[in-house]
């Protein structure tokens, strides 16, 4: 018995340490769940308050609020670092002005999100006279008439939600790939807002590839935001710095040989917007005749960089786009 005493005691000590970690882990999980729930409840209270305002007042209020407090938040360090690297010739005052504009735009996106059902005021009798104007109407019409599926890329510019709203309002057979927030309660609120206003929503994850393929195979139009970091073997140059590219759109284009367009939203004065659609891109191909993945992603990335350079204050610089 004495021979077993030492290993038994060691096993007990190991179990106690393990049980301690389990209890601590569960406590952490419950604490995180409680904080997420409180954050979601506060978000819903704010949404109800903003819904009492009209879309313009809601956008103006949130823009002023985030423009005031945003530059002092820790995440702004990422924005400043990104801006200094992208624009080494700009002064500190110019960097701060762009960063303030980034926060202003982000706040306005939040203020407008709660009014998505009121944002679209297009009138066929007075095209481009309302809140949202669409340029290159023939290109939008072509998506309906060419009888082809299409891949459409976009970026976190101005109010990027409006591009998906535009497709649904025009009745285009479309789907949007989106990433769910980590806070599941806030994710439910966002999904509730989007679900009735946009076409099919495809959450990112292990099964997303099958959903994306089914959209293309039925002849639909798949939209996705491709300007954020995603670990991949495909590398591109963005603002003269190497980074990983989300190459899903290039791989789908290569497999299905379908057109690829870019769509962007531009914020205009007076709480107005312009939505622009590019022509189908001429994608680079390899010696085997197939679409080149890296070359395609570099072309798409360069187009997005050009959009951002036109209106740098309307892009989400607060994201860690460049990572080792």
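Exposure proxy shown here: for 119, 297, the number of other Cβ atoms within 10 Å sets the order, fewest to most, as 119, 297.
Sort 166, 258 so that the residue with the fewest other Cβ atoms within 10 Å of its own Cβ comes first and the one with the most comes last.
Numbers: 166 23, 258 17.
If I rank by nearby Cβ atoms, fewest first, I get 258, 166.
Just subtract the alpha-carbon distance of residue 52 and residue 93 from 0.36 nm times their residue separation and send over the number in nm, one decimal. Before the final figure, lay out each step's value.
On the way: separation 41, 0.36 × 41 = 14.76 nm, distance 3.63 nm.
Computed gain between residue 52 and residue 93 is 11.1 nm.
Using the Cα atoms of the range 55-137 to build a convex hull, what is its mean projected area in square nanometres? Please list the in-between numbers first.
Details: hull surface 29.6 nm².
Directional mean of the projected Cα hull area for the range 55-137 stands at 7.4 nm².
By how many nm would the segment from residue 251 to residue 129 lengthen if fully extended, with 0.36 nm per residue of separation less the alpha-carbon distance?
Details: separation 122, 0.36 × 122 = 43.92 nm, distance 3.87 nm.
Difference between extended and current length: 40.0 nm.
The alpha carbons of the range 208-324 occupy a box of 46, 35, 26 Å along the principal axes, longest dimension given first.
Over all alpha-carbon pairs in the range 249-305, figure out the percentage whose distance exceeds 15 Å. Summing the P(r) tail past 15 Å for the range 249-305 gives 54 percent.
Where a number appears in this text, it was derived from the coordinates with a stated rule and is not lab data. Quick caveat: nothing in here was measured; it's all calculated off a predicted structure. Cβ: placed from backbone, ideal geometry, glycine included. Neighbour counts: every protein chain shown.
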